[in-house]
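These notes are about the structure you will find just below.
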Number of protein chains: 2
Amino acid sequence: MNIHSSPSFRPLYDQIKILITQSLIAGEWRPGDAIPSEIDLAARFKVSQGTVRKAIDELAAENILIRRQGKGTFVASHSQERASTRFLRIARDDGVAEYPTSKLLSVTRERAPEASASLLDLRTGASIFCIKRLLSFEGAPRIFDEIHVPAAAFKGLDDAMIRNYPGSLYSFFESHFGIAMIRAEEHIKAVKAGPIEAELLHVPQGQPLLRVDRVAFTYGDRPVEWRRGLCHTERFSYVTEMS
Amino acid sequence: MNIHSSPSFRPLYDQIKILITQSLIAGEWRPGDAIPSEIDLAARFKVSQGTVRKAIDELAAENILIRRQGKGTFVASHSQERASTRFLRIARDDGVAEYPTSKLLSVTRERAPEASASLLDLRTGASIFCIKRLLSFEGAPRIFDEIHVPAAAFKGLDDAMIRNYPGSLYSFFESHFGIAMIRAEEHIKAVKAGPIEAELLHVPQGQPLLRVDRVAFTYGDRPVEWRRGLCHTERFSYVTEMS
DNA sequence: TGTGTTATATCTTATATAAGTTATATGTTA
DNA sequence: TAACATATAACTTATATAAGATATAACACA
C-alpha cells in the first residue's frame, strides 16, 4: 500500500499549485509582486526545483502568474499595460486597437436579485454594490454595463473612488480591495434595446444588441462579480478564439 | 558567438514542435492515429525524451495532440466523442447538454466573394463550395449556417456525401478530405433577422439574432473554412470563458 | 560609460519510479 | 478440450529529482 493508492492522491506539483494559490488567497504575494525564486520555493516546500517549475508553468498558463526570464515570476495584475484588454473582447472591425473611455453613471447599494445572487453564491437580498457605466469608442457610446459585487468584500466602495481612479475597473478592484479577477465565464445573447439602453447608446428601441452576462472569479475559483453588458455592435464585434 | 545569439534562434523543443507539425501536414500521422512513443521520437529527432515531452505537452495544450497514459499519444480528431462540442459554443440556458440535429439545405459551387476570399487567402472569384444548413435543438431551428470552403482542397464534395455522413461536419472534412480543423476565430455581432433567416428560424423579420463569423484553421495555421452562423438565442446562449 | 558579478528563469539531458493499458501466458473449472 | 479467470510481462505516459549550460536583467564598481 503506497500513498498513490489513496483516492485523494494528488501529484506533488498539484499540491504545490494549491499551496501557491493559498498564499495568493492569503495575500502573502499581491498582484504585481514577485514571488520567491524557484529555488527558494523548492526549499520552502521541500521539493525539487523541477516540481516547483511544473506548478508555476501551469499557473502561468492560467494567467495567474507571469514568468519573466532573468527577472523572476510575478503575480498577474490588471494594472499591467497589456492586461487592459485581457477581459475586454469587444474590438473595432477595422482592427485598430482602441481602448474605450468610461463614463460612470451610478454606484448604488442594493439587495441582490435572485439572478446575480445565486451566481455569486450569495443569499437573495444580500447587500451588493451596483455599478452602472457607459463605455465609448471614439466618443460614441457602445457598451452599457451593469455590475454587481458583494458589499461585504468591497467595503467602502463609492462613486468618487471609482471616478478618481485612472485605470480599469479590475485594476481598481485589485488596488483598493485586494481582489484580483483571474477568470470569467460569459453567456451571450442577441436582444432588443429597451428604452433605457436605447437612449444611452443612441439607438432606436428594438435595435439588436449583444447582451453579455459575465461571472468573474478570483483565486480559488470564488465568484466575486456579476455583470451584464449591452453592446451596440455597429463597426464593433465581440472577438473570441477557440482550439 | 554561440547559436543562441542567432536572431532566428528557437529552442530545441520548439523545433521539434515544428517537425511534428510538418508530419501532421504531410499526413504521416492522421487524425485518430497514435504517433510514435516519446522514446521513438527522441531517437528519431536525436534529442532527449524530456525535450520531446515538452514539445508534445505544448501541442496537447493546443488540442492538436491528445495524451493517454498507458496507451500513447494520438492525433486529435473531430470523430472522437468528446470532440463533438469542441467548436460548438451555443448551449441551452438550462444547462442540459444537447447536440443539435442538422438539416442540409444546399451545397453549391460558387465564386468566392471578397469577404470570405480574403480571409481564406484566396483570390476574389476563386472557386468555393457553399454549404447551407439549419441546426435544430429539440426540433426547433436555432442556427442557420452558411459555410465556404475552397473547392481546390475539397474536390468532389457534394450534397449526398454530406447527407449520408453520420457525424459532424468537421469529422466529415477530416475523413473525406484529410483536413483537420484545429483552431478558429470568431467575430460576433447582434443583427436583425432578414426575410430568409426569419423564415428558416421561425422568427419575425427584425428579430435580434447573433451573427457569428468564423474562420477555421488547419495545421500550420492555414485558413480553410469561413462560415457565418445566424443564431436565434431564445433559451440558448453563446458560452465562452476567458482567463 | 562600460565591465564584471550575481540572480533569475530557460533549456537540455539524464535517471528513476509510478501508474495505466494491453497482450500473452498460465492456470482453473466446467 | 473449451471457456474463463488470473498473473505476468512489456509497453505506454506521468511524476519527480538532479545537474549543468545558457539567456536575460539588475546592480555594483572601476
- [ ] Please tell me if A:ILE179 is away from every other protein chain (no Cβ under 14 Å), under 11 Å from the mean Cα position of the chain (by Cα) and modelled with pLDDT of 95 or more.
- [x] yes
Task: Inter-residue pairs, beta-carbon under 6 Å, first touching a residue at least 60 places away in the same chain (Cβ under 8 Å) and in the stretch A:113-137, second assigned to a helix (DSSP H, G or I) and crowded, with 18+ Cβ neighbours inside 10 Å, 6+ apart - done: A:LEU134/A:LEU200
Task: Matching entry among B:PRO7, B:PRO11 (being near DNA strand C (Cβ under 8 Å from one of its atoms), modelled with pLDDT under 90 and surrounded by fewer than 16 Cβ atoms within 10 Å (Cβ to Cβ)) - done: B:PRO11
Open item on the list: Checking the conditions here, which among B:THR85, B:THR108 is away from DNA strand D (no atom under 16 Å from the Cβ), within 14 Å of chain A (Cβ to nearest Cβ) and hydroxyl-bearing (Ser, Thr, Tyr)?
Closed with: B:THR85
Task: Per-region count, the stretch A:16-55, residues in a loop (DSSP other than H, G, I, E, B) and either polar (S, T, N, Q) or within 8 Å of DNA strand C (Cβ to nearest atom) (or both) - done: 3
Task: Hey, A:ARG67 closer than 25 Å to A:ARG222 by Cα, within 9 Å of DNA strand C (Cβ to nearest atom) and of a type outside the set (Val, Ile, Thr) or not - done: yes
TODO: May I ask you to verify whether B:GLU38 is more than 13 Å from every other protein chain (Cβ to nearest Cβ), under 17 Å from B:ILE16 (Cα atoms) and either hydroxyl-bearing (Ser, Thr, Tyr) or crowded, with 16+ Cβ neighbours inside 10 Å (or both)?
DONE: yes
Task: Subset tally (residues that are within 13 Å of DNA strand D (Cβ to nearest atom), part of a helix (DSSP H, G or I) and free of Cβ contacts under 8 Å to residues at least 12 places away in the same chain) for the stretch A:56-80 - done: 1
Open item on the list: Given the criterion in contact (Cβ under 8 Å) with a residue 40 or more places away in the chain and away from every other protein chain (no Cβ under 12 Å), identify the matching residue among A:PRO223, A:PRO195.
Closed with: A:PRO223
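The values are calculated or read from the model by the stated rules, or taken from the named source; none is laboratory data. A quick note: this is a predicted structure, and the numbers were derived from the prediction, not measured. We place every Cβ from the backbone using ideal geometry, glycine too, and count neighbours over all the protein chains shown.
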